[in-house]
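One structure is given here, and the rest of the page talks about it.
No value in this document is a laboratory result; all are computed from the given coordinates. Keep in mind the model is a prediction, meaning the values are calculated, not measured.
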Amino acid sequence: MSVPAGLEVVYDLEKANARTPLDAFLISLHWGIIRAGLRLRRSEDSEELTERLPLNWSNRTTSPTENTTVNFSYYDSRNVKTRYDLKVIELSPNASIAVTLLRSGPAPAETSSSKTGEKRTSTATTFHLPNFVAMSAFEGNSVATQTVSQVYTNGQEFELKVWNELMEPLGLRIIGQPGTPGPYVDKSEKKETQRDTNSTGGGRSLADPRFYPGNNRPPPYYNPSGPIGGFGPL
């Protein structure tokens with residue numbers, strides 16, 4: 001399988017704590033969430049944020065008659081007053097998992113109807129665990145000896161499900177990726193556009209006159225081939 005970028009790094013950091021398929025799922029879910037700039041607090045007494053899962057995060061005690069439930073609280077690294085409470089419930093062992101992400105924090109004045117100015121929004125979805133985690137990886141030897149490609153399957157489908165059903169409905173986007181296409185037209189398209197005289201000639205031309213400021217310099221636009229991806233000239 002083709003492993004989505006970044007999952008291998010997160011898995012290698014946390015695989016020693018993965019003892020069950022649910023633990024492996026939580027690692028991949030955490031990876032999907034932190035890519036939006038959300039972070040966990042380093043400890044209950046600290047406001048310092050970190051991408052790492054809490055120490056001993058996989059140690060849990062659950063009654064045989066209760067569904068395993070895991071809760072994490074993430075914070076927006078650009079606005080720490082905004083919190084995202086994650087709740088994961090294993091409805092059926094090694095089978096069905098319900099995930100809820102609740103956003104709470106200051107809301108824009110035009111959308112807030114409460115006196116506190118707080119807006120609460122949530123998303124929820126379910127996962128069939130064997131669709132994304134290989135059960136065979138947890139048979140016999142410790143999962144910590146397995147590579148990421150042996151533990152996870154259908155990585156792209158998992159990524160799409162997390163973002164389409166949990167993240168994007170809350171207005172979250174992967175850091176470094178634009179929300180909409182940049183103000184250019186690829187020259188491979190069968191249409192004529194007026195090329196700006198200041199264009200770098202790199203195969204794309206600015207097409208929308210709204211993007212010409214007074215000094216006639218075109219603005220930065222998204223360059224996915226840059227060193228870290230982002231906005232800047234090609």
Value of relative contact order over region 7-170, rounded to a whole percent, pairs C-alpha under 8 Å and six or more apart:
21 percent
Evaluate 2.2 N^0.38 Å with N set to the residue count of region 7-170, then give the Cα radius of gyration divided by it.
1.08
